[in-house]
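The values are calculated or read from the model by the stated rules, or taken from the named source; none is laboratory data. Please read these numbers as outputs of a predicted model, since none were measured by experiment. Virtual Cβ from ideal backbone geometry, glycine too; neighbours counted across all protein chains shown. Remember, those area values only see protein heavy atoms, side chains included, never the ligands or the DNA or RNA. Shrake-Rupley method; radii C 1.70, N 1.55, O 1.52, S 1.80 Å.
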Amino acid sequence: MHALAEHEGASAGSVVNVSEVMQAIAEHKGCGTSGGSGKASCGSGAGAGDLPTEIWEKVKNHPCYSEEAHHHYARMHVAVAPACNIQCNYCNRKYDCANESRPGVVSEKLTPEQAAKKVLAVASTIPQMTVLGIAGPGDPLANPEKTFKTFELISKTAPDIKLCLSTNGLTLPDHVDTIAGFNVDHVTITINMVDPEIGAKIYPWVFWKHKRYTGVEAAKLLTDRQLLGLEMLTERGILCKVNSVMIPGINDKHLVEVNKAVKSRGAFLHNIMPLISAPEHGTVFGLTGQRGPTAQELKALQDSCEGEMNMMRHCRQCRADAVGLLGEDRSAEFTTDKIMAMEVNYDLDSRKAYQALVEEERVAKVAAKQEELNTLAGAKSDIKLLVAVATKGSGLINEHFGHAKEFQVYELSTAGAKFVGHRRVDLYCQGGYGDEDSLETVIRAINDCHAVFVAKIGGCPKGDLQKAGIDPVDQYAHEFIEKSAIAWFKAYLDKVNSGEIEHVERGDAEIRQGALITAA
């Protein structure tokens, strides 16, 4: 179950422990409780006081549009849209693995009716699930009948669920009226270029109005339609997130221009993601040896764009059938056979009660961060460094090092703690013993970090981390992440200023592709 219900005697004493509420909901539904920043003024790191009320209401519990919300709220995708109208050199929808997370991957496709039943089943079991997205496995707007039929059914049976879709944008201008008619408040458009010469290196073809286009002509058609659709959506007040895949040597430098172009057309958020190009996925880029970016390259590009626009840093490049918190996937619990056999009682009141408790915990987390941040007031230092955190969610340091499937990464400075990304890793603990090969991959994944915060860690990995120059920190177990990170950073600065330690820059890190992230 979601980590919110697992405070395990947490010392964040002011927080409401909702495990009893969650257990009661779980028992009522017939299931157990086991299972698996942008600009300060706006964007994914914004809080209630940073945004107009109408915008805050749209993003406050949307885990993809709010970095703060992603610690507390879950989303799900339903795979009702198999067809696609463009070909991307980084995509192969034929490949599936239960342990794989990347766009376009699904284990089973659904009809709109099956999807609607699945949404009710998931929302009844996971009351912090607030968002339903359609992201494929093809393109939702290349399958408009199935996409909008699904939205129609869900809006009638679960009116509290936010609706969103992700699209390549080719046919977006044709469907803006329908999108607005279904009160879809959030649309994500994948825009990898605004220069057709660069686009021709990414897209072999597009299919539009019964004709296949190739090369520069195809790329120009695509970018023109994408930017037109973005303008039409933002004119209607629909929040738009732009996804861009960073492809070193092809569009990495060009994405700065993409950033400016989408900002000028009203995009709310820009998400620059690393290319996934493992050869075993069978994509063109994977088979031709096109590399993805390193962690340092990705962060540098995101940082360079941040001054122009609000940046999303917490994307997990989800499967098109993902279920749960960002960074977890509980879709295996909700297969078609299982949900069709379930007797679902959608209890809106219990969902609202649970989410009210989530908000209490969220407020306490923000207050704790601010309280600790006040202790840094007046501190002067140019030092900026990264730390990794093992967490199950809820903004707490509540995961054992050996059980972590990803680490969240924060940049610490005298300005506080800023979430800047995450790193997938292979599990270190394998059935009761530590896998030394996996430990090496973990160290490579967080090699740019000065410390790793964990709820617990064994002696052997602790020693290896220290040898690698990474401080394993376990004294803040079950405390709030940002409050703890700021406290640790303040102590670090004191040691540097006293001469006890010397601050050194860390090296680069490896972005792990295709790591295990499914629920245990």
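Looking only at region 136-153, filter to residues that are within 20 Å of LEU348 (Cα to Cα) and under 25 Å from the mean Cα position of the chain (by Cα); which one of those is surrounded by the fewest Cβ atoms within 10 Å (Cβ to Cβ)?
PHE151
If you go through region 270-300 one residue at a time, how many are assigned to a helix (DSSP H, G or I), of a type outside the set (Gly, Ala, Ser) and within 18 Å of the chain's Cα centre (by Cα)? Spell out the reasoning first.
Residues of region 270-300 that are assigned to a helix (DSSP H, G or I), as a first pass: 279-281, 284-287, 295-300.
From what's left, of a type outside the set (Gly, Ala, Ser): 279-281, 284-285, 287, 296-299.
Still in the list and also within 18 Å of the chain's Cα centre (by Cα): 298-299.
Matching residues across region 270-300 total 2.
Go through (1) within 30 Å of THR288 (Cβ to Cβ); (2) in contact with a Gly (Cβ under 9 Å, 6 or more places away or on another chain) for PRO173 and report which single condition fails.
Result: PRO173 passes all but (1).
Tally time: how many residues in region 299-318 are touching a Gly at 6+ places or on another chain (Cβ under 8 Å) and at pLDDT below 75?
Selection size over region 299-318: 4.
In region 307-319, is there at least one residue being in a loop (DSSP other than H, G, I, E, B), within 23 Å of VAL420 (Cα to Cα), open to solvent by less than 40 Å² (accessible area, probe 1.4 Å) and in contact with a Ser or Thr (Cβ under 6 Å, 6 or more places away or on another chain)?
yes
Could you tell me whether any residue of region 396-416 is open to solvent by less than 10 Å² (accessible area, probe 1.4 Å) and acidic (Asp, Glu)?
Taking every residue of region 396-416 in turn, none turns out to be open to solvent by less than 10 Å² (accessible area, probe 1.4 Å) and acidic (Asp, Glu).
Within region 370-387, track down each residue that is open to solvent by 30 Å² or more (accessible area, probe 1.4 Å) and closer than 20 Å to HIS422 by Cα.
Matches in region 370-387: LYS384 only.
Are there any pairs with C-beta distances below 8 angstrom linking a residue in region 370-396 that is under 11 Å from HIS478 (Cα atoms) and of a type in the set (S, T, N, Q) to a residue that is assigned to a strand (DSSP E or B) and open to solvent by less than 40 Å² (accessible area, probe 1.4 Å), with the two at least 6 apart or on different chains, and if so which?
Note: pairs meeting the criteria are THR391/GLN408.
Scan region 157-179 for residues that are at pLDDT below 95 and of a type in the set (Gly, Ala, Ser) and jot them down.
The answer is ALA158, SER166.
Of all residues in region 122-146, count the ones that are within 16 Å of CYS164 (Cα to Cα) and outside any loop (DSSP other than H, G, I, E, B). First the steps, then the outcome.
Just the residues of region 122-146 that are within 16 Å of CYS164 (Cα to Cα), to begin with: 123, 129-146.
Next cut, outside any loop (DSSP other than H, G, I, E, B) only: 123, 129-134, 137, 140-142, 144-146.
The total comes to 14.
Within region 325-344, identify whether any single residue is of a type in the set (Ser, Thr, Tyr), crowded, with 18+ Cβ neighbours inside 10 Å and out of contact with any helix residue (DSSP H, G or I) (no Cβ under 7 Å at 6 or more places or on another chain), and answer yes or no.
Yes: one or more hits.
Those residues that are open to solvent by 10 Å² or more (accessible area, probe 1.4 Å) and among the small types (Gly, Ala, Ser), I need them from region 105-115; list them, please.
Residues of region 105-115 open to solvent by 10 Å² or more (accessible area, probe 1.4 Å): 106-114.
The answer is SER107, and nothing else.
Filter region 465-513 down to the residues that are in contact with a Cys (Cβ under 8 Å, 6 or more places away or on another chain) and open to solvent by less than 40 Å² (accessible area, probe 1.4 Å) and list them by number.
Once the filter is applied, which keeps residues that are in contact with a Cys (Cβ under 8 Å, 6 or more places away or on another chain) and open to solvent by less than 40 Å² (accessible area, probe 1.4 Å), region 465-513 yields ILE470, ALA509.
Which members of region 119-132 meet the condition of being within 14 Å of SER331 (Cα to Cα) and open to solvent by less than 10 Å² (accessible area, probe 1.4 Å)?
VAL119, ALA121, VAL122, ALA123, ILE126, MET129, LEU132
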